[in-house]
Amino acid sequence: MKLLEYEAKEYFKQFGIPTPMGNMVTTPEDAAKYVESLGKPVVIKVQLPVGGRGKAGGVKFADTSEEAKEAAKQLLGMTIKDLKVEKLYVEEKVGIVNEIYLGVTIDRNRKQHVVLASSEGGMEIEEVAAKTPEKIVRFYVDPLTGLRSYHANYIASKLGYRGGMMRKFSSFVTKLYTLAVEMDAELTEINPLAEVADGFLAADARLNIDNNALFRHKELQERLLDSYQGELTEREMEARAEDLTYVELDGDIGIIGNGAGLTMATLDSVMIHGGKAANFLDLGGGATPERIGKAVKFVLRDERTKSLFVNVLGGITRCDYTAEGIVAAREELGLRKPIVVRMMGTKEEEGKAILKKNDIDTLDSMEEAAEKAVKLAGGDA
Amino acid sequence: MTKFINKDTRVVVQGITGSQGMFHTRLMKEYGTKIVAGVTPGRGGQESEGVPVYDTIHEAQDNHDIDTSIIFVPAPFSLDAALEAIEADLDPVVVITEGIPVADSIKLVASAKAKGITIVGPNTPGVIKAGESKMGIMPAQVFKKGNVGIISRSGTLFYEIASQITRVGLGQSTCVGLGGDPVVGLDYIDMLKWFQDDPETEAVALIGEIGGDAEERAAKYIKEGGFSKPVAAFIAGRAAVPGKRMGHAGAIIQGSTGTADSKINALRKAGVAVGELPGKVAEELLRLL
């Protein structure tokens, strides 16, 4: 779950991470009012769940409340990467001496948290890694000790800080690491982190929370669906609401499978036979006839779907339940789009019998079934 | 290195009174797995599927000799359950549960490593020794005793390929699901090392998917001569799109890393026979053996 900058900064403040003064607003009037009360020049930034807002013109500066009102009016009318701008973050402009990068993420290969820091802030860290890898400090944290103060001191001194600034940066690193662990962040990133005359400030903030950990962060759980805005398509949002694991693709063959690996392999076999999948839908394990019916309806309702390929390997998922779900869904929709089913395993004979009675073909081989689904969709298999 | 399992391995089921725990305890017992005890806090003194239930592993150990643990407890409690099994020196610890926070997986994997204990999973179908014992949720009917070892990140695709291996007249030795999460206890390389020394395994089927670079690292290990037995592979996700999680938490192409093509190329360069379709893996193994 990706938080917006202003939401991330709320958490930064809770964890004692220094941030510039700022406020989220939704109208030009409120932007002006806030600048009035602040009495300082500001930067106004659009709040969207996508990157690259600076390049897209989503950041403006203002010295007075009138300028802020005008800038906010322009920004609130914008659409960036298909998303309408509805929220702005108005923040005091700080005197930046140097732009730093600081992030904490998870290295899946090493199975550890890693702290990344660089004196080259302001640009994408991937770009720094490609051009000047020596300018990135990587510190892998031992999960059994956590990040200790001497680790943070090491990172700070590696960036060249001494004395009071070393201690301040070190404390900054410790706080960000603590936030990353306690908030279950998959990634938290400050870019740029502003070095100012007497310390450091988080000029930007990124915080992505591990969805699996939301049971520990109930206040975020409720907002999970909203947070998918910008990340998921409309159809994918609908699928989430129906609790289906669904990814929209741009072809015309509907795909339903059980298990992520098998469903991916089903997409691949359709591709190899010259077809294009309209979607990926993973039923997961042990689906009931109702759940299978819901999935089949969801994919068949999609006007792009010309044929449907259901591929089930029965273990804890039962083939008879699969067949019942398919038949019921087709009856309910009254659609006669071609359906190809390949099923194997638990209650296979029963499942095949149900489908046969309802004139739905089953095939034993995944390859043959893929070929047929492509042919039925009008492809050139 | 862990001994994994055989017909004599004595197993405790953590979370034995939940619906998944009960269901799979029954199936594992039917397959021949020696399940000697179960643990569910608050249910000590009861029986589940004919297995005595205890409140803690400690108490179960006072009454039984136990080698390994399989965990079915819900995600919020899985870290505790796994740490309990690790503290009790059980090895391997098989974590079936899906949806465990990554931070918890990092902790439990590090704790196990410090004691030299193997974690299988999380989010794994488990481990099976064909014809002897299974600690997992895989359908038993697709496996037959033989000489092919299987390493897989996925569940149903693993069963698919196992069934095709059986269908062409071969069979399986030990098969392990690594798990579909970004952070898991076992890597392909750990298993290749194990299979290298396993006299019952003569070839390996490596089943991978998009996301991360575990398959590339396995390819490098094979190329450098770490593994000398024949390997056939399948990688799922050639038709996947970048930036989208394909079902598994770990199955995501980020930037240019984690693509199926990168994995397939690396494996081919290492001399691995990579099948275009899952069905080709069994054919390749037949040719290689």
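Indicate, rounded to the nearest 5 percent, the antiparallel portion of the DSSP beta bridges found entirely in segment B:10-120.
Values: 2 of 18 bridges.
Around 10 percent antiparallel, to the nearest 5.
If you restrict to DSSP beta bridges whose two residues both lie in chain A, what percentage is antiparallel, to the nearest 5? All intermediate terms of the calculation are to be shown ahead of the outcome.
Numbers: 49 of 66 bridges.
About 75 percent, rounded to the nearest 5.
Find the Cα radius of gyration of segment A:234-376, compare it with 2.2 N^0.38 Å by division, and give the number to two decimals.
Working: Rg = 13.2 Å, N = 143, 2.2 N^0.38 = 14.5 Å.
Relative to the 2.2 N^0.38 Å estimate, segment A:234-376 comes out at 0.91.
Tell me the net charge near A:E242. Cut-off is 10 Å between Cβ atoms, A:E242 excluded, with +1 for each Lys or Arg and -1 for each Asp or Glu. Show your work: numbers first, answer last.
Values: positive: A:R240, A:R291, A:K294, A:K297; negative: A:E238, A:D243.
Every neighbour counted, the sum reads +2.
Which residue, B:V272, B:V11, B:V102, has the most motion in a Gaussian network model of chain B that connects Cα atoms within less than 10 Å?
B:V102
What is the spin-label model distance, in nm, from A:E238 to B:K269 if the labels are put 7 Å beyond Cα along the C-beta direction?
If labels sit at A:E238 and B:K269, their model points lie 4.4 nm apart.
Where is the GNM fluctuation largest for chain A (alpha-carbon springs, 10 angstrom cutoff): A:L179, A:L225, A:L355?
Of A:L179, A:L225, A:L355, the Gaussian network model singles out A:L355 as fluctuating most.
DSSP beta bridges in the protein assembly as shown, what fraction antiparallel, as a percent rounded to 5? Working shown, then result.
Working: 59 of 110 bridges.
About 55 percent, rounded to the nearest 5.
How far apart, in nm, are two points set 7 Å out from the Cα along the Cα-to-Cβ line at A:E219 and at B:K220?
Rounded to a tenth, the inter-label distance reads 4.2 nm.
Be a star and scan segment A:168-202 for residues whose amide nitrogen sits under 15 Å from the point 7 Å along the Cα-to-Cβ vector of A:Y154.
In segment A:168-202, the label zone of A:Y154 (backbone N under 15 Å from the point 7 Å along Cα→Cβ) covers A:170, A:174.
Which residue, B:T17, B:T33, B:T156, tops the fluctuation ranking in a GNM of chain B built on C-alpha contacts under 10 Å?
B:T156
In degrees from 0 to 90, rounded to the nearest 10, what is the angle of the helix A:319-333 Cα long axis to the longest principal axis of chain A?
Approximately 90 degrees, to the nearest 10.
Can you tell me the FRET efficiency between A:K84 and B:K115 if r is taken as the Cβ-Cβ distance and R0 is 45 Å, rounded to the nearest 0.05? Present the calculation step by step, with values, prior to reporting the outcome.
Numbers: r = 54 Å, r/R0 = 1.19.
Taking R0 as 45 Å, the efficiency between A:K84 and B:K115 is 0.25.
Calculate how steeply helix A:348-357 sits against the longest principal axis of the alpha-carbon atoms of chain A, using the helix alpha-carbon long axis, and give the answer as 0 to 90 degrees to the nearest 10.
Roughly 70 degrees between the two axes.
Over all pairs of distinct alpha carbons, what does the Kirkwood formula give as the hydrodynamic radius of the protein assembly as shown, in Å?
Values: mean 1/r = 0.0373 Å⁻¹.
It is 26.8 Å.
Straight-line reach from A:K111: which aspartates and glutamates fall under 14 Å, measuring Cα to Cα and dropping same-chain residues less than 8 apart?
Partners found: A:D142, A:E186, B:D104, B:D181, B:D187, B:D213.
Do any trypsin sites (Lys or Arg not before Pro) in segment A:79-136 lie in a DSSP loop with no more than 16 other beta carbon atoms within 10 Å, and if so, which?
Working: sites: A:K81, A:K84, A:K87, A:K93, A:R108, A:R110, A:K111, A:K131, A:K135; in loops: A:K81, A:K87, A:K93, A:R108, A:R110, A:K111.
Hits after loop and neighbour filter: A:K81, A:K93, A:R110.
Which value results when the Cα radius of gyration for chain A is divided by 2.2 N^0.38 Å? It would help to have the intermediate numbers written out before the result.
Working: Rg = 26.3 Å, N = 381, 2.2 N^0.38 = 21.0 Å.
Taking the Cα Rg and dividing by 2.2 N^0.38 Å, one obtains 1.25.
Taking 0.36 nm per residue of separation and subtracting the Cα-Cα distance, what length does fully extending A:E126 through A:L144 add? List each step's numbers first, then the result.
Numbers: separation 18, 0.36 × 18 = 6.48 nm, distance 2.86 nm.
Answer, rounded to one decimal: 3.6 nm.
Which angle from 0 to 90°, rounded to the nearest 10, does the C-alpha axis of helix A:149-158 make with the longest principal axis of chain A?
In chain A, helix A:149-158 runs at an angle near 80 degrees to the longest axis.
How large is ³J(HN,Hα), in whole Hz, for each residue of segment B:65-70 in order, when computed from phi with the Karplus curve 6.51 cos²θ - 1.76 cosθ + 1.60 and θ = phi - 60°, using x for Gly and Pro?
Here the 3J(HN,Hα) series is 8, 10, 9, 9, 10, 10 Hz.
How far apart, in nanometres, would the label points at A:K276 and B:F23 be if each is projected 7 angstrom from Cα along the Cα-to-Cβ direction?
It works out to 3.8 nm between the two label points.
Each value in this text was obtained by applying a stated rule to the coordinates, not by laboratory testing. Just so it is clear, the structure is predicted and the values come from calculations on it, not from any experiment. Positions of Cβ are backbone-derived with ideal geometry, glycine not excepted, and every protein chain shown enters the neighbour counts.
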